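Student: Got a structure here, written out as structure tokens. Questions coming.
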Amino acid sequence: MRKNLLSLDIGTSNIHLTVAKTDPFQVLLNLKRPSAGIKKGIIANNDETVTALDNILEEASSLTNLNIQKSITTVGGSQLETRKSKGVAIIANDNNEITQDDILRAQQSSQSFSLPPNRTLLHTIAQKYIVDGNEVIDNPCGMTGMRLEVESLIIDAFMPNIKNLENVLDGVGLKNEAFVANPLAGSYEALTQQEKNLGAIAIDLGSGTCSFSVFEDGVLVYLKVLPVGSNYISNDICL
């Protein structure tokens, strides 16, 4: 069954839109058009952003002859934060073999903490697994043990920013299926797995913000968005 995918990146200066299909995967359309109502990666005027987004969606629908109703949307802005957390799962099956369900329980356990007010969880990324006190290099599925621990990197966002983004998507008739941290999404395009294994940093210098994500031994260890972008460089040169 074919499914059409729409990805959105609503930036300070431009809206990037990609329409693709699965089974098999094929990119149908890439568009970049000017945005409006965005300041430093954050929605500052809902009406202006709705108008700009509606224009590019109408163009995309016309070019692809598709009725686009769902999206996967990136989240930017300097109020993205990361924090470390740990989770534990006790292996209780007969042969003590670790399954994907056990891994999921450990990851869910690492989410069992209280975020500060007005923060919402975006991603839980496993950085390290420990089985009965011994660190595991890769996926522990299939290993034998009594206690599975996971050290996770938590990425969370400022709730009002997410709500404003949801309101804009509602305003153009889109149902959002997932929010993805902008620096994380960019790193998938910019870095190969080998580069992540060796240790690398992906930097995205936008017009209003500069985001970067840091990888070590193949896993994300840090992510940050700075409220300074190329517009500031242009302004300094003009002065």
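The values are calculated or read from the model by the stated rules, or taken from the named source; none is laboratory data. Computed from a predicted model, the values in this text were never measured in an experiment. Cβ sites come from the backbone with ideal geometry, for glycine too, and all protein chains shown count toward neighbours.
Student: Do the conditions hold for residue 177, that is, is it touching a strand residue (DSSP E or B) at 6+ places or on another chain (Cβ under 8 Å), of a type in the set (Asp, Glu) and in contact (Cβ under 8 Å) with a residue 60 or more places away in the chain? Even if it seems obvious, please write down each step before you answer.
Tutor: On the way: touching a strand residue (DSSP E or B) at 6+ places or on another chain (Cβ under 8 Å): yes; of a type in the set (Asp, Glu): yes; in contact (Cβ under 8 Å) with a residue 60 or more places away in the chain: yes.
Against the criterion (touching a strand residue (DSSP E or B) at 6+ places or on another chain (Cβ under 8 Å), of a type in the set (Asp, Glu) and in contact (Cβ under 8 Å) with a residue 60 or more places away in the chain), residue 177 qualifies.
Student: Residue 178: modelled with pLDDT of 90 or more and more than 30 Å from residue 61 (Cα to Cα), yes or no?
Tutor: Working: modelled with pLDDT of 90 or more: yes; more than 30 Å from residue 61 (Cα to Cα): no.
For residue 178, the condition - modelled with pLDDT of 90 or more and more than 30 Å from residue 61 (Cα to Cα) - is not met.
Student: I've got another one for you. Restricting attention to segment 200-231, and to residues there that are part of a strand (DSSP E or B), without any contact (Cβ under 8 Å) to a residue 40 or more places away in the chain and of a type in the set (Gly, Ala, Ser), which single residue is surrounded by the most Cβ atoms within 10 Å (Cβ to Cβ)?
Tutor: Ranking the candidates gives 213 first.
Student: For residue 167, work out the one condition from (1) closer than 24 Å to residue 222 by Cβ; (2) part of a helix (DSSP H, G or I) it doesn't fulfil.
Tutor: Checking residue 167 against (1) closer than 24 Å to residue 222 by Cβ; (2) part of a helix (DSSP H, G or I), the one that fails is (1).
Student: Now for a different question. Is it the case, given these coordinates, that residue 71 is in a strand (DSSP E or B), of a type outside the set (A, V, I, L, M, F, W, C) and more than 28 Å from residue 103 (Cβ to Cβ)?
Tutor: Numbers: in a strand (DSSP E or B): yes; of a type outside the set (A, V, I, L, M, F, W, C): yes; more than 28 Å from residue 103 (Cβ to Cβ): yes.
Answer is yes for this residue.
Student: Within segment 100-120, track down each residue that is of a type in the set (Gly, Ala, Ser) and surrounded by 13 or more Cβ atoms within 10 Å (Cβ to Cβ).
Tutor: Within segment 100-120, 106, 109, 110 qualify.
Student: Restricting to segment 132-157, and then to whatever is of a type in the set (A, V, I, L, M, F, W, C) and buried (at least 19 other Cβ atoms within 10 Å of the Cβ), can you tell me which residue is farthest from residue 105 (Cα to Cα)? Even if it seems obvious, please write down each step before you answer.
Tutor: Within segment 132-157, the first condition is being of a type in the set (A, V, I, L, M, F, W, C), and the residues that meet it are 136-137, 141, 143, 146, 148, 150, 153-155, 157.
Next, from what is left, pick out any that are buried (at least 19 other Cβ atoms within 10 Å of the Cβ): 148, 150, 153-155, 157.
Working: 148: 9, 150: 10, 153: 16, 154: 16, 155: 19, 157: 23 Å.
Here the answer is 157.
Student: Test of understanding: among 207, 234, 230, 213, which residue is farther than 26 Å from residue 56 by Cα and at pLDDT below 90? Can you show your working first?
Tutor: On the way: 207 fails: farther than 26 Å from residue 56 by Cα; 230 fails: farther than 26 Å from residue 56 by Cα; 213 fails: at pLDDT below 90.
Exactly one of 207, 234, 230, 213 is farther than 26 Å from residue 56 by Cα and at pLDDT below 90, namely 234.
Student: Right, here's the next one. State all residues of segment 49-68 that are outside any loop (DSSP other than H, G, I, E, B) and more than 24 Å from the chain's Cα centre (by Cα); if no residue qualifies, say none. Before the answer, list the steps.
Tutor: Our first condition is that a residue be outside any loop (DSSP other than H, G, I, E, B); within segment 49-68, this holds for 49-64.
Within segment 49-68, 51, 55, 58, 59, 61, 62, 63, 64 qualify.
Student: Tell me which residues, restricted to segment 83-99, are among the β-branched types (Val, Ile, Thr) and surrounded by 19 or more Cβ atoms within 10 Å (Cβ to Cβ). Steps first, answer last, please.
Tutor: Taking segment 83-99 and keeping what is among the β-branched types (Val, Ile, Thr), we get 88, 90-91, 98-99.
Passing the criteria: 91, 98.
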